[in-house]
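Heads up: the structure comes next, in structure tokens.
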Amino acid sequence: QLGWQRRARGKASKYFATFKGSFTTELRRLVVRLHDPLEGVIALHTSDQMHEYTDLLHESEFVMCPRGNGLGSYRLLEAVMSGGIHVILDDDVVLPFEELIDWRAVAVIIPEADTSRTIQILRRIPPSGVARLRCRLFQVYTQHFQGPLQIINSTLEILSSNLQGGGLQSFVHAD
């Protein structure tokens with residue numbers, strides 16, 4: 001909640017976009033090439049000692065979430081909890097509660113083929129668009145991820161719907 005608390009106080013983000021992780025895929029090696037501290041873009045290997053991972057999460061406008069070895073990543077949930085707008089760079093990701101959440105309304109989803117253009121794409125989002133994404137993300141955070149009760153309730157909602165008739169028919173938008 002530290003990231004959300006800091007954002008509620010109106011503190012500006014120290015970094016524009018960040019990633020800190022292992023280089024397990026070629027995609028992650030491409031993300032690291034975006035590193036440009038003068039532009040507020042920090043993209044580093046896990047072994048970097050100059051930047052703490054949690055500080056990067058809480059101090060970033062955008063948190064880059066590139067595909068790793070699996071179909072999902074805990075990084076996405078960490079980004080949600082930090083209040084950073086997540087940038088999904090993963091063509092095959094399985095998103096949490098995707099039956100309930102329209103992730104396009106709360107995240108920036110960039111095709112893997114456009115990874116090298118990520119920063120240019122993000123810079124084109126106007127401040128009003130960033131504010132809209134963050135407001136929707138906060139609604140999703142409080143409804144689905146703020147604590148164990150919200151996570152359990154969201155899981156039970158999906159299970160109940162599946163048992164009653166084949167799944168949810170549409171997204172519950174975070175408007």
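The values are calculated or read from the model by the stated rules, or taken from the named source; none is laboratory data. Please read all numbers here as calculations on a predicted model, not as lab measurements. Note that each Cβ is placed from the backbone with ideal geometry, even for glycine, and that neighbours are counted across all protein chains shown. SASA here: full protein model, heavy atoms, side chains in, ligands and nucleic acids out. Shrake-Rupley method; radii C 1.70, N 1.55, O 1.52, S 1.80 Å.
Brief remarks on what is shown
- For V31, the conditions (1) over 22 Å from R136 (Cβ atoms); (2) crowded, with 16+ Cβ neighbours inside 10 Å; (3) modelled with pLDDT under 95 are fulfilled apart from (3).
- Subset of the stretch 62-80 that is part of a loop (DSSP other than H, G, I, E, B) and in contact with a helix residue (DSSP H, G or I) (Cβ under 9 Å, 6 or more places away or on another chain) - its residue that is surrounded by the fewest Cβ atoms within 10 Å (Cβ to Cβ): G68
- Extreme residue, most open to solvent (accessible area, probe 1.4 Å), among residues of the stretch 81-109 that are hydrophobic (A, V, I, L, M, F, W, C) and closer than 15 Å to F16 by Cβ: V108
- Answer residue from the stretch 151-170, given it is surrounded by 15 or more Cβ atoms within 10 Å (Cβ to Cβ) and either among the acidic types (D, E) or touching a helix residue (DSSP H, G or I) at 6+ places or on another chain (Cβ under 8 Å) (or both) and is modelled with the lowest pLDDT among those: L168
- Residues (free of Cβ contacts under 8 Å to residues at least 40 places away in the same chain and under 20 Å from A113 (Cα atoms)) located in the stretch 21-55: F23, E26, R29, V32, H35, A43
- Of all the residues in the stretch 35-62, those that are farther than 25 Å from R124 by Cα and among the aromatic types (F, W, Y) number 1.
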